[in-house]
Amino acid sequence: MTEHAVHLSGVTKSFGEHTAVSDFDLEIPRGTILGLLGPNGSGKTTTIRMIMAILLPDRGTVELLGGLPDFARRNRVGYLPEERGVYEKMKVLEQLVFLGELRGMTRQVVRRQAMEWLERLGLEEWANKKVQQLSKGMQQKVQFIGTVLHDPDLLILDEPFSGLDPINQDVLESIVREQHEKGTTILFSTHLMDQAERLCERVCLISRSRKVLDGNLKALKRRERTGAVAIDFEGDDSWLARLGITNPKRVDDTYHIEADRGIEPDRLLAAAVAERVTLRRFELMEPSLHEIFVRHAGQPDPEPALGVAGGAR
Amino acid sequence: MRQVWVVLRREYIERVKTRGFIIATIAMPVLMIGLIGLSAFLSIQAERADRDLALVDLTGQLGEAVAAGMEAVGYDIELVDRDVGLQEMDRRVNEDEIEAYVLLDDLTLQEGTFAYRGKEAPGITRTAVFEKVVVETVLELRLSFAGSAAGLRELLTGGRLSFESLGEEQSELERVSGMATGFAGAFLLYFTMLFYGAYVLRSVLDEKRNRVVEVVVSSISPWRLMLGKILGVGSMGLTQVGIWVGCAALIGLLGVPMIAANWPAVDVGELSQLLPGPGPLGLLLVFFLLGYFLYSSLFAAVGAMCSTEEEAQQAQFPVMMLLIIPFILQMTSIEGSGLPWMDWAALFPFFSPIMMYPRAVVGAVPWWMVGTSLVLMAAALIGTAWVAGRIYRVGILMQGKRPTLRELVRWIRQA
């Protein structure tokens with residue numbers, strides 16, 4: 001077992017004039033759960049496709065589960081592509097059996113496990129129905145089962161939550177967590193920052209085909225602290241004014257003191273003690289992922305870049 | 001290879017399970033056998049039901065010979081003395097003592113015309129058999145006046161060309177059989193390559209359109225996927241053709257004795273020699289396999305290039321032309337051979353299945369040409385599979401506009 005489930009170094013991929021991924025480095029330690037974040041069209045899907053060797057990089061190397069992404073290794077990966085696809089005319093169970101067998105499982109094992117999964121996700125009654133009879137959400141669940149069915153070492157989920165209702169998003173999230181607890185390495189891409197914030201241990205931010213930053217989410221947030229403070233106390237806020245803070249931002253009962261006020265957290269705390277303010281809360285504020293992202297990459301493009309040949313659309 | 005097998009099996013089962021396949025494969029031949037069998041059965045029943053017939057010979061020269069001839073083909077004929085009178089005979093028919101009677105008179109001796117007097121008209125079979133018996137008898141009688149009856153009679157009924165091959169020994173029957181087999185084989189090859197090729201195209205296109213392919217090619221190489229697909233559809237095709245051939249054999253098995261029972265004049269042994277032997281059938285299989293792989297890999301590449309049904313309709317046109325041209329050429333030379341340059345055109349690998357197979361079974365071209373065409377087809381197959389595999393590999397993951405020829409060349413190079 002090597003240390004990394006995925007190791008990209010210097011990976012570059014262009015489609016004609018358009019550079020989809022530029023000089024990309026990424027290490028995903030085994031057992032972590034990493035979110036690949038970025039706006040639409042920033043190169044997430046292309047990166048994932050290169051990890052799965054569906055696309056070959058123009059430059060750079062891709063290592064998957066400790067080696068070249070050959071089929072033996074790729075078959076230990078559960079891959080959910082961004083574009084959802086199922087054989088609509090096949091029956092649910094047969095489809096899962098097909099996918100499992102393709103990855104080298106035996107018929108009996110794959111049948112049993114597929115049934116277990118279908119039961120877990122409340123689809124057992126649909127096992128012998130044709131996929132096209134299922135609702136979109138159910139089809140997506142079937143496809144997700146197809147991804148985890150063979151008990152992969154690494155799960156690669158490209159925008160796994162898009163198109164799911166909140167209830168099913170929760171179901172999926174809990175399964176992802178459970179897989180993570182089992183020791184499966186998870187890489188998922190999303191453009192929803194709050195989701196990533198809930199789930200990820202590590203994040204990798206990507207914008208305009210370049211990596212912006214990556215690392216442990218907590219460490220990153222700590223590092224990205226600006227000195228802003230959230231403070232909640234009893235009594236009036238005149239003492240703040242005496243420190244030169246006028247019209248502080250208030251969210252409910254909490255005052256948010258931005259760093260640009262020129263008052264360092266230490267001084268603020270010292271002042272509060274000196275003023276005998278009864279503190280209910282004093283916290284160094286951590287930026288949200290979104291804020292970090294904006295700080296490093298600028299406002300994400302509202303519209304995705306178009307015309308990526310071989311890209312998602 | 002297990003993966004190829006998994007893909008093959010899915011492709012096969014999913015296809016064989018469909019209602020369309022079952023209808024096309026089983027219901028149709030069963031229906032046809034049923035109809036043919038039923039009508040044959042009914043006509044035999046009808047023919048057997050009323051065979052109480054009588055024969056009145058006013059000439060006094062033909063009666064016994066004609067009656068013998070009719071009895072030889074299975075009719076009960078009562079030769080009635082001409083003194084009985086026609087009123088009496090008509091009465092017997094009207095009162096259903098007999099079904100009908102045949103009346104031979106002087107005109108019969110002169111022109112071969114004779115009357116069949118009954119309430120109902122005779123069936124086609126009966127008419128033909130009776131005419132034949134009467135005419136033969138009259139001829140024999142009249143020729144016997146002219147002397148050497150036997151020889152002249154041969155001349156009248158003969159007039160048969162017998163082909164004498166200057167190459168290898170080949171009997172007349174072999175030639176006819178070869179022609180029929182070659183013709184049917186070319187037809188079968190044309191339609192199977194066309195239809196099963198189209199199945200492959202559709203299968204590739206569907207997989208690409210519903211995006212399953214991205215998951216699948218993360219587990220299996222595109223090359224194997226394509227192979228499994230082609231093999232799966234091919235197995236389905238062989239199953240279908242196998243069932244049809246089986247049905248045809250069944251028809252033959254039931255039909256030949258039926259013919260024997262109804263037309264004793266037909267030599268059954270000769271008839272069964274008309275059926276293709278294992279040699280031509282084996283060769284058909286070889287041509288089918290090579291041709292099918294050749295064309296289905298082309299169709300797979302076309303499917304991979306396109307994103308929509310409409311695009312595919314257009315893009316498959318060149319491939320269809322490759323099939324249609326030899327088919328039309330072959331139609332102009334149904335008897336196997338044709339213009340000399342066509343023998344050379346038949347060497348073109350994409351034309352070979354439809355054009356070389358009939359030539360091979362008829363013996364219109366030397367064997368070295370057949371061998372060469374097989375080698376060329378195999379070589380073309382390797383080349384086509386290589387190119388198609390590369391187009392397929394890039395194409396199945398591409399969405400959007402159909403590639404230009406230039407882009408295609410780039411796909412082939414970069415893959």
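B:Leu35 exposes around 110 Å² of accessible area when a 1.4 Å probe is run over every protein chain in place. When the listed pairs A:Lys129/B:Lys229; A:Lys91/A:Lys182; A:Lys44/A:Lys182; A:Lys13/A:Lys182; A:Lys13/B:Lys229; A:Lys89/A:Lys182 are checked against a 28 Å cut-off, the alpha-carbon distance exceeds it for A:Lys91/A:Lys182; A:Lys13/A:Lys182; A:Lys13/B:Lys229; A:Lys89/A:Lys182. Here the convex hull built on the C-alpha positions of segment A:86-216 has a volume of 124 cubic angstrom per residue. Converting phi to 3J(HN,Hα) with the Karplus coefficients 6.51, -1.76 and 1.60 and the offset θ = phi - 60°, segment A:160-171 yields x, 9, 5, x, 9, 6, x, 4, 6, 4, 5, 4 Hz in sequence order, with x at every glycine or proline. Heavy-atom accessible surface of B:Arg92, to the nearest 10 Å², is about 40 Å², with a 1.4 Å probe and all protein chains retained. The H on the amide N of B:Leu347, modeled in the peptide plane, is under 5 Å from the matching H of no residue at least 5 residues off or on a different chain. Ordering A:Glu125, B:Glu71 by accessible surface, largest first, gives A:Glu125, B:Glu71; the 1.4 Å probe counts only protein heavy atoms, with every chain in place.
Express the Stokes-Einstein translational diffusion coefficient of segment B:276-395 in µm² s⁻¹, to the nearest whole number, given a Kirkwood radius over alpha-carbon pairs, 25 °C and a viscosity of 0.890 mPa s. Don't skip to the end; give the middle numbers.
Numbers: Rh = 15.0 Å.
Answer from the Stokes-Einstein relation: 163 µm²/s.
Rolling a 1.4 Å probe across all protein chains gives B:Trp344 an accessible area of roughly 150 Å². Rolling a 1.4 angstrom probe over the protein heavy atoms with all chains in place gives segment A:85-141 an accessible area of 50 Å² per residue.
For segment A:244-291, run through the GluC sites (Glu not before Pro) and keep only the ones in DSSP coil with at most 15 other Cβ atoms within 10 Å of their Cβ. The qualifying sites are A:Glu258, A:Glu275. Over what distance in Å are the Cα centres of segment A:222-259 and segment A:143-207 separated? If you average the Cα positions of each part, the centres end up 36 Å apart. Contact residues in segment B:184-221 by the 50 Å² criterion (accessible area, 1.4 Å probe, full protein complex versus chain alone): B:Asn210, B:Arg211, B:Val212, B:Glu214, B:Val215, B:Ser218, B:Ser219. Rg of the Cα atoms in the protein assembly as shown, relative to 2.2 N^0.38 Å, amounts to 1.54.
Checking the cross-link filter: which aspartates and glutamates have an alpha carbon closer than 14 Å to that of B:Lys132, excluding same-chain neighbours under 8 positions apart? Within the straight-line cut-off, B:Lys132 pairs with B:Glu71, B:Glu111, B:Glu140. Against the criterion of solvent-accessible heavy-atom surface with a 1.4 angstrom probe, B:Val30, B:Val212 sort, most first, into B:Val30, B:Val212.
DSSP assigns beta bridges within the protein assembly as shown; of those with both partners inside it, close to 55 percent run antiparallel. Take the Cα pairs of chain A, get the Kirkwood Rh, then feed it into Stokes-Einstein at 10 °C and 1.306 mPa s and tell me D in µm²/s. Rounded, D is 73 µm²/s. Need one number: the % of Cα-Cα pairs in segment A:9-168 sitting beyond the 21 Å mark. Tail of P(r) above 21 Å: 51 percent of Cα pairs.
With the other protein chains left in place, how much accessible area per residue, in square angstrom, belongs to segment B:273-313 at a 1.4 angstrom probe?
Values: 1540 Å² over 41 residues.
Ligands and nucleic acids excluded, the figure is 38 Å² per residue.
In segment B:1-126, carbon and sulfur make up what percent of the accessible area (probe 1.4 Å)? All intermediate terms of the calculation are to be shown ahead of the outcome.
Values: 4230 of 7290 Å².
Carbon-and-sulfur percentage of accessible area, whole number: 58.
Per-residue ellipticity at 222 nm from helix content only, as computed over the protein assembly as shown with -39500 (n - 2.57) for each DSSP H run of at least four residues, stands at -17500 deg cm²/dmol. Rolling a 1.4 Å probe over the protein heavy atoms gives segment A:145-221 an accessible area of 37 Å² per residue.
A straight Cα-to-Cα reach below 12 Å connects A:Lys136 with the aspartates and glutamates A:Glu88, A:Asp165, residues fewer than 8 places away in its own chain not being considered.
One Cα centroid belongs to segment B:88-144, the other to segment B:286-309; the line between them spans 62 Å.
Rounded to the nearest 100, the interface formed by chains B and A buries 2400 square angstrom of accessible surface, both chains summed, with a 1.4 Å probe. Panel note: contact residues of segment A:30-58 (accessible area lowered by at least 30 Å² against the chain on its own; 1.4 Å probe) correspond to A:Arg49, A:Ile54.
The C-alpha radius of gyration of segment A:111-181, expressed as a fraction of 2.2 N^0.38 Å, stands at 1.06.
Projecting the Cα atoms of B:Leu35, B:Ile22, B:Trp5 onto the charge dipole of segment B:1-41, computed from C-beta unit charges around the Cα centre, puts B:Trp5 farthest toward the positive end.
The values are calculated or read from the model by the stated rules, or taken from the named source; none is laboratory data. Because the structure is a prediction, the values reported are computed rather than measured. Neighbour counts run over all protein chains shown; Cβ positions are idealised from the backbone, glycine included. Quick note on the areas: whole protein, heavy atoms, side chains included, nothing else; ligands and nucleic acids left out. Shrake-Rupley method; radii C 1.70, N 1.55, O 1.52, S 1.80 Å.
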